[in-house]
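The values are calculated or read from the model by the stated rules, or taken from the named source; none is laboratory data. In this text the structure is predicted, and so the values were computed from the model without any measurement. Positions of Cβ are backbone-derived with ideal geometry, glycine not excepted, and every protein chain shown enters the neighbour counts.
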Amino acid sequence: MTHSYLFHAGEATVLAKDGQFTDAMPEILIGSTAGPVGQAFANMMAQSKGHTAMFAIRACNQLVRPATIMVPKVTLKDAANIELFGGVVQSATADAVVDCLIEGIIPKEQANDLCIISLVWIDPRCAKDDKLDKKDMYRTNYEATKLAVRRALRNEPSVDELIANRHRIKHDMDDWS
């Protein structure tokens, strides 16, 4: 892991169990509050319709460190999706960040000097699914957030890995090449 915490990006995808729409695909920026990530973090405090940003908290009065802001990748059009975002997904994100501190993925001594922006995917079908498994939604978001943070701080995948896989790995939705 590099000791420069100016700007790190990471992403991860964790798939839902069969029959669920709870795939998680966070895209993470982590960096110094005094750098470009900190500036972007502060700018995200302004709300935009359908993309309400909120802090990751473990419970009332328990804002995680590093301070983490979550922004939905899709427009949240109804109370049911907003409730999932501010409930299950917020809890999973917050727990993942704290566990990254516990496990040393994020250095504890840097926790107050860093901030995280997490772009979060919620499949709009989740809120309408009578059989929605919130435990699976928690699992996928927790695992994906933790993995995305780890990848960001370890600069993964490496440039060499990307080059080696250029012609071996295709985008999951690739049906055009």
The one condition in (1) modelled with pLDDT of 95 or more; (2) farther than 25 Å from ARG154 by Cβ that PRO72 fails to fulfil: (1)
So for region 150-157 (the condition being touching a Leu at 6+ places or on another chain (Cβ under 7 Å), at pLDDT 95 or above and part of a helix (DSSP H, G or I)), does at least one residue qualify? no
Of everything in region 36-91, what is of a type in the set (D, E, K, R) and more than 19 Å from PHE7 (Cα to Cα)? Give them in sequence order. LYS49, ARG58, LYS73, LYS77, ASP78, GLU83
Check ASP160, ASP136 and return the single one that is outside any loop (DSSP other than H, G, I, E, B), within 19 Å of GLY10 (Cβ to Cβ), out of contact with any His (no Cβ under 8 Å at 6 or more places or on another chain) and not hydrophobic (A, V, I, L, M, F, W, C). ASP160
Which residue pairs have Cβ atoms closer than 9 Å, lie 6 or more positions apart in sequence or on different chains, and pair a first residue in region 13-31 that is in a strand (DSSP E or B) with a second residue that is among the acidic types (Asp, Glu) and modelled with pLDDT of 95 or more? VAL14/ASP23; VAL14/GLU143; ALA24/GLU143; GLU27/GLU11; ILE28/GLU11
3 or more residues free of Cβ contacts under 8 Å to residues at least 24 places away in the same chain and not acidic (Asp, Glu): qualifying helices (runs of 4 or more DSSP H) within region 36-118: 36-43
